[in-house]
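The values are calculated or read from the model by the stated rules, or taken from the named source; none is laboratory data. This is a predicted model, so every value here is computed, not measured. Cβ sites come from the backbone with ideal geometry, for glycine too, and all protein chains shown count toward neighbours. For the accessible areas, the whole protein counts, side chains as well, though only heavy atoms, and no ligand, DNA or RNA atoms are used. Shrake-Rupley method; radii C 1.70, N 1.55, O 1.52, S 1.80 Å.
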Amino acid sequence: MELLQDFAIAIMAAGKGTRLKSKRPKVLHEIGGRALLLHVIAAAKTVVPPEQIYCIVGHQAEQVTAAVAHTGVRFIAQPEQRGTGHALQMVKAWFTRQGEPVPRNLLVLSGDVPLILPETIRRVCEAHLGEQAAMTILTAVPPDPTGYGRVLRRTPEGVEVTGIVEQKSLRPDQWSAPEINSGIYCFQTEALFARLDLLSTENAHGEYYLTDIAAMLVEDGERVVAVRAEHVDEVLGANTIAEMMHLDQAMRAAAARSLMAQGVTIFRPDTCVIDAEVTVGADTILEPYVQLLGATHIGSDCRIRSHSVIQNSTLGSGVLVRNGCVLEGAEIADGAVLGPYAHLRPESYIGEGAHVGNFVETKKLRLGKGSKANHLNYLGDAEIGAGVNIGAGAITCNYDGVLKHLTTIGDGAFIGSDSTLVAPIRIGAGAYVAAGSSITEDVAPGALALGRARQVAKEGWAARRKAKREGI
Ligand code: UD1
Ligand code: CA
């Protein structure tokens with residue numbers, strides 16, 4: 001999408017979020033697996049370049065800044081949080097101090113209104129220019145407007161607004177005013193800056209309300225207009241955990257709908273948790289109670305069975321993930337089969353058509369094409385070739401109490417059940433390790449290694465024991 005000229009964006013993100021009752025700053029709470037503020041920044045970046053996005057930070061500013069600095073936006077400090085009007089006073093002061101040219105239009109977004117869509121931001125900017133307004137307010141009519149500021153129109157059909165009244169200042173005859181202020185506005189910057197210092201704190205919260213600017217402009221004969229959002233969820237604010245979870249659900253439902261529209265079958269989508277960044281190929285099936293989190297990418301024709309949690313992992317096509325698997329930072333090639341109840345930890349690479357079965361834990365593993373570790377294994381810090389069979393209960397002993405060591409197993413090797421491979425160790429291609437062996441020395445290709453006591457069989461032992469006990 002083309003970026004807009006003559007616009008800068010200010011994102012208000014300095015508030016405490018008192019209503020959340022949380023240690024974490026409000027704008028760093030997550031919905032859809034991503035901090036509120038990051039959602040807003042992502043939408044803003046579709047409209048202007050990051051150097052023209054100013055985040056107003058105050059409460060736990062260091063933490064907020066650290067969490068979003070990678071986006072390339074700029075920061076303006078609001079050390080004391082004295083209201084949304086005060087937040088914009090800080091922006092004005094910043095421009096004055098820096099001597100930077102003031103952008104002609106300033107779009108103001110709220111760090112706690114995270115579902116705003118790029119299209120809607122654009123619509124507000126375009127309406128603002130088209131209407132030649134001094135201020136354009138994005139509004140909505142939700143089922144329950146309680147808690148929001150209300151936008152009062154001059155006439156019911158007209159676009160012109162006479163002012164915004166905060167919930168606590170509504171007169172009884174205004175209680176049912178249905179149209180809410182989203183906290184998203186476009187201003188002619190000069191018109192805004194000229195009035196910010198006239199704001200007062202004589203109101204229910206004792207704060208500088210940015211919303212008071214609307215009536216001030218109208219009084220001066222300036223044009224203030226409203227644009228209504230098409231989807232109510234887009235403009236809902238997140239002031240409490242309950243509101244946040246409502247938005248989280250709305251966002252995940254949207255993610256599930258969009259995947260289904262791309263040919264993904266999701267049984268009981270209401271039970272699945274799918275983060276915003278996740279991609280899934282067509283004809284993949286997600287069973288109930290699946291979680292796909294973070295940067296997870298799944299190919300086509302896969303089946304993810306119930307109660308699997310897949311995070312920051314990449315799966316090829318035709319992969320079967322049976323019930324109850326936990327994957328984190330894993331890469332799975334085409335046609336692999338996992339689980340049930342496999343635990344793949346970071347840097348696990350599972351080759352094409354390979355099997356990782358019940359109660360197998362992996363970490364920093366490369367498992368080659370077609371290899372199988374099907375029952376009760378621990379495979380950590382291991383490089384395993386193609387066509388290898390790892391018997392039930394076999395494990396790599398990768399840790400000596402201080403350092404981690406590597407196990408290497410060549411193509412076609414056979415590791416007998418219940419073996420322990422004490423790393424660092426190399427098992428050559430095509431070698432056999434006998435069941436129950438403790439292997440501490442390298443095994444040459446094609447060799448058979450036995451690392452266990454030789455079996456002793458005592459003929460007639462049971463009868464002799466019985467006789468002894470009975471004193472015969
Ligand atoms: C605000 C609006 C209200 C609107 C609602 C929409 C005002 C006075 N009221 O109310 O009309 O319906 O948003 O969601 O603006 N912030 C700062 N610095 C401050 C105070 C707040 O940066 O000093 C930030 C907050 O971090 C937040 C945003 O501004 O991201 C909005 O503040 P909040 O206190 O949540 O305002 P609301 O009471 O929701
Ligand atoms: Ca709010």
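Report, in listed order, any pair from Lys45/Lys363; Lys45/Lys168; Lys372/Lys404; Lys21/Lys92; Lys21/Lys45 with a Cα-Cα distance greater than 27 Å.
Flagged as over cut-off: Lys45/Lys363; Lys45/Lys168; Lys21/Lys92; Lys21/Lys45.
Would you list which lysines come within 16 Å of Lys26, measuring only between C-alpha atoms, while excluding same-chain residues fewer than 8 positions from it?
Excluding near neighbours in sequence, the set is Lys16.
Quick check on the stretch 364-410: take the gyration tensor over C-alpha atoms, sort the square-rooted eigenvalues as a ≥ b ≥ c, and tell me if it's rounded (a/c under 1.5), prolate or oblate.
oblate
From the square roots a ≥ b ≥ c of the eigenvalues of the alpha-carbon gyration tensor of the stretch 7-235, which class results: rounded (a/c under 1.5), prolate (a/b over b/c), or oblate?
It comes out rounded by the Cα gyration axes.
Would you mind counting up the charge near Ser308? Only other residues with Cβ under 9 Å from its Cβ, with Lys and Arg at +1 and Asp and Glu at -1.
Neighbour charge sum, excluding Ser308 itself: +1.
Regarding the stretch 31-90, what are the three Cα extents along the principal axes, ordered largest first, in Å?
28, 24, 17
List, in order, the whole-Hz ³J(HN,Hα) value for each residue of the stretch 394-408 obtained from phi through the Karplus relation with A = 6.51, B = -1.76, C = 1.60 and θ = phi - 60°; use x for Gly and Pro.
With coefficients 6.51, -1.76 and 1.60, one gets 5, 9, 8, 9, 8, 10, 9, x, 10, 10, 9, 10, 8, 10, 10 Hz.
Which is the longest stretch in the chain that no exposed loop site breaks, taking sites as trypsin sites (Lys or Arg not before Pro) with a DSSP loop state and at most 10 other Cβ atoms within 10 Å?
24-453
For the stretch 264-449, take N as its residue count and report Rg(C-alpha) divided by 2.2 N^0.38 Å.
For the stretch 264-449, the normalised Cα radius of gyration comes out at 1.05.
Only helical DSSP H runs with n ≥ 4 go in: add -39500 (n - 2.57) per run for the chain, normalise by residue count and round the 222 nm mean residue ellipticity to 500 deg cm²/dmol.
Counting only the DSSP helices, I get -6000 deg cm²/dmol.
Report the far tail of the P(r) of the stretch 119-198, meaning the percent of Cα-Cα pairs longer than 20 Å.
Tail of P(r) above 20 Å: 36 percent of Cα pairs.
Pick out, in residue order, every one of the GluC sites (Glu not before Pro) in the stretch 132-187 that is DSSP loop and has at most 15 other C-beta atoms within 10 Å; say none if there are none.
Glu157
Please report, for the Cα atoms of the stretch 188-311, the Rg to one decimal and the Dmax as a whole number; what are they, in angstrom?
Taking only Cα atoms of the stretch 188-311, I get Rg and Dmax of 22.4, 63 Å.
In whole Hz, what ³J(HN,Hα) sequence does the stretch 194-199 give by Karplus (6.51, -1.76, 1.60; θ = phi - 60°), x for Gly and Pro?
5, 10, 4, 6, 8, 5
Provide the percentage of antiparallel DSSP beta bridges, counting only those with both residues in the stretch 398-472; round to the nearest 5.
In the stretch 398-472, approximately 10 percent of DSSP beta bridges are antiparallel ones.
I'd like the projected area of the chain, averaged over all directions, using the convex hull of its alpha carbons. Report it in nm² with one decimal.
Result: 33.4 nm².
Find, among the GluC sites (Glu not before Pro) in the stretch 10-68, those assigned to loop by DSSP (not H, G, I, E, B) with at most 16 other beta-carbon atoms within 10 angstrom.
none
What nm distance separates the two modelled labels at Val456 and Glu441, each placed 7 Å from Cα along Cα→Cβ?
Label-label distance for Val456 and Glu441, simple model: 2.4 nm.
Can you give the extra length, in nm with one decimal, that the chain gains between Gln249 and Glu62 once fully stretched, where that is 0.36 nm per residue apart less the Cα-Cα distance?
64.4 nm
With a cut-off of 8 Å between alpha carbons and a minimum separation of six or more residues, what is the relative contact order of the chain in percent?
Computed over the chain, the figure is 8 percent.
Leaving out ligands, DNA and RNA, what percent of the accessible area of the stretch 75-141 is carbon and sulfur, probe 1.4 Å?
On the stretch 75-141, the fraction of accessible area on carbon and sulfur atoms equals 51 percent.
FRET efficiency for Ala204 and Thr155, Cβ-Cβ distance as r, R0 = 30 Å, nearest 0.05?
Plugging the Cβ-Cβ distance into 1/(1 + (r/R0)^6) gives 0.60.
So what are the ³J(HN,Hα) numbers for the stretch 320-331, from phi and the Karplus equation (6.51, -1.76, 1.60; θ = phi - 60°), rounded to whole Hz, Gly and Pro as x?
Ordered by residue, 3J(HN,Hα) equals 10, 10, 6, 4, x, 8, 10, 10, 9, x, 9, 10 Hz.
With every protein chain left in place, what is the accessible area per residue of the chain in square angstrom, probe 1.4 Å?
I get 47 Å² per residue for the chain.
Please report the carbon-and-sulfur percent of the accessible area for the stretch 264-449; probe 1.4 Å, protein heavy atoms only, DNA, RNA and ligands left out.
Carbon and sulfur together cover 52 percent of it.
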